[in-house]
Each structure stands twice: as C-alpha cells, then as structure tokens.
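Structure record follows, encoded as structure tokens.
The values are calculated or read from the model by the stated rules, or taken from the named source; none is laboratory data. This structure is a prediction, so every number in the text was calculated from the model and none was measured. Note: ideal-geometry Cβ built from the backbone for every residue, glycine included; neighbour counts use all protein chains shown. Surface areas here come from the heavy atoms of the whole protein model, side chains and all, with no ligands, DNA or RNA. Shrake-Rupley method; radii C 1.70, N 1.55, O 1.52, S 1.80 Å.
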Amino acid sequence: MTDSVSLAPSPRKAALRVEALARRDALELDDRLIWDEAIVERVLALPVFTQGPVSAYWPMRSEADPRPILEALHERSLPLCLPAIAGKRMHFRRWAPWEPIVPGGFGTLVPAPEQPEIRPTILIVPLAAFDRRGYRIGYGRGYYDRAITELEPTLTIGIAYAAQEIAEVPAEPHDRRLDWVVTQDEAIRCG
C-alpha cells in the first residue's frame, strides 16, 4: 500500500462505526472505569511483553484507557512511545509516563515534537468495532492500517469494551488483522 492510496470508507463500515461508537458512548462512565482495570489486567497477563518499544495511544472520548498499561510497562523498564500523525503517516515518538504531551491532530495528545522517533515492536491500538477474526474498524482514515503494514512484523493488540464487538467487520484489502483483541471479559487470540 502506498500513501497515495485513497481510503474512502465503505458505507457499510461507516454505518457500523457509527453504531459501535454510539454503543461505546452509551456505556456508563463508572462501568468503563471498572472495565478499564480488567482490560489492563488482561493485557498485562499476555505473554508478549518481553521487549519493546511498546506503543499505545492517548485516549480520547470514550475509548478504553491504555495509560495504566503504559505505566506498568514503564515499571518493567520497557521503552514506550505514542503515535503522532504527520501528513498521511503515523510516526512514533519516545514517551514515558508523566512526560509532557502536546495537542496533535484529530483531537489527540502526542509527545513533544523534539522527542526522537522510535520503531515499536508492539502496538496497542484503539478501535470503534472489532470481530473475532481480528479485524477492526477505526475512525476511517487508515493510519493504523498503514502503520501496521509499515511496521510488520509488529505485534498488534486492540483494546475495547465487549459492547464494541460485531459479528463481522467487512474487511477490505488494506485492512490489517490484529493479533489480539482484549476486552474486560476476555483476551481473544486472532492472528
């Protein structure tokens, strides 16, 4: 895949995204906070964190919160990074808990631009919807799919609430499967 490829979202995916985000947004905040703790425990129990760098995301809106995962991995001395968008590409800048973050594109918060870029070996990714095959629906711009392609064979872990599961994501040629999806209820090995 090249940066010149236009990733116009399919109408079916767009509708599924809207439905899944509405379900996620309707979840009670108190429930999400409890479920975030369960997600953190399940992710940290995965037998994959033997080396880094590990990338996650700074949560926005009603996304599952990966920050406690990053804090725990930092305590294990694994190097960390967060994504930042530049042009049509996702870059990964070094970051550690409690270091400054600055506004990025699309309402995100990212490490300061002077932080060095690093190549993650594990990506913890957000999603709007997922299926048990490991396909995800993101926000429709294709940044994570492009990054996963560029970083292969990087291990990928999607985190979400169980309410975001759908029967089948309509996979397109540019879509990349996740290796794991972790919810408050289970860790699903996909890839």
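Of all residues in segment 160-173, one or more are modelled with pLDDT of 95 or more, within 23 Å of residue 41 (Cβ to Cβ), open to solvent by 10 Å² or more (accessible area, probe 1.4 Å) and not in a strand (DSSP E or B).
Listed conditions (1) touching a helix residue (DSSP H, G or I) at 6+ places or on another chain (Cβ under 6 Å); (2) open to solvent by 10 Å² or more (accessible area, probe 1.4 Å); (3) in contact (Cβ under 8 Å) with a residue 60 or more places away in the chain are all met by residue 142, apart from (1).
In segment 163-175, the qualifying residues are those that are among the aliphatic types (A, V, I, L, M) and in contact (Cβ under 8 Å) with a residue 40 or more places away in the chain, and the one that is farthest from residue 186 (Cα to Cα) is 169.
Starting from residues that are free of Cβ contacts under 8 Å to residues at least 60 places away in the same chain and not hydroxyl-bearing (Ser, Thr, Tyr), keep the ones in segment 37-63 and report whichever is surrounded by the fewest Cβ atoms within 10 Å (Cβ to Cβ).
The first filter runs over segment 37-63 and keeps only residues free of Cβ contacts under 8 Å to residues at least 60 places away in the same chain, leaving 37, 40-41, 44, 47, 50, 58, 60-62.
Now narrow it down to the ones that are not hydroxyl-bearing (Ser, Thr, Tyr): 37, 40-41, 44, 47, 58, 60-61.
On the way: 37: 13, 40: 22, 41: 15, 44: 14, 47: 5, 58: 20, 60: 12, 61: 9.
This residue is 47.
Only one of the listed residues (101, 118, 148, 137) is touching a residue at least 12 places away in the same chain (Cβ under 8 Å), of a type outside the set (Gly, Ala, Ser) and under 12 Å from residue 179 (Cα atoms). That residue is 148. Every listed requirement among (1) more than 13 Å from residue 13 (Cα to Cα); (2) open to solvent by less than 40 Å² (accessible area, probe 1.4 Å) is met by residue 136 save one, (1). For residue 106, indicate whether it is within 23 Å of residue 61 (Cα to Cα) and either among the hydroxyl-bearing types (Ser, Thr, Tyr) or open to solvent by less than 40 Å² (accessible area, probe 1.4 Å) (or both). Judged against the criteria, residue 106 is not a match. In segment 1-93, counting only helices (runs of 4 or more DSSP H) that sit wholly within it, the ones holding 1 or more residues that are farther than 16 Å from residue 164 by Cα and at pLDDT below 95 span 11-26.
When segment 64-92 is filtered for residues that are buried (at least 20 other Cβ atoms within 10 Å of the Cβ) and more than 19 Å from residue 111 (Cα to Cα), only 64 remains.
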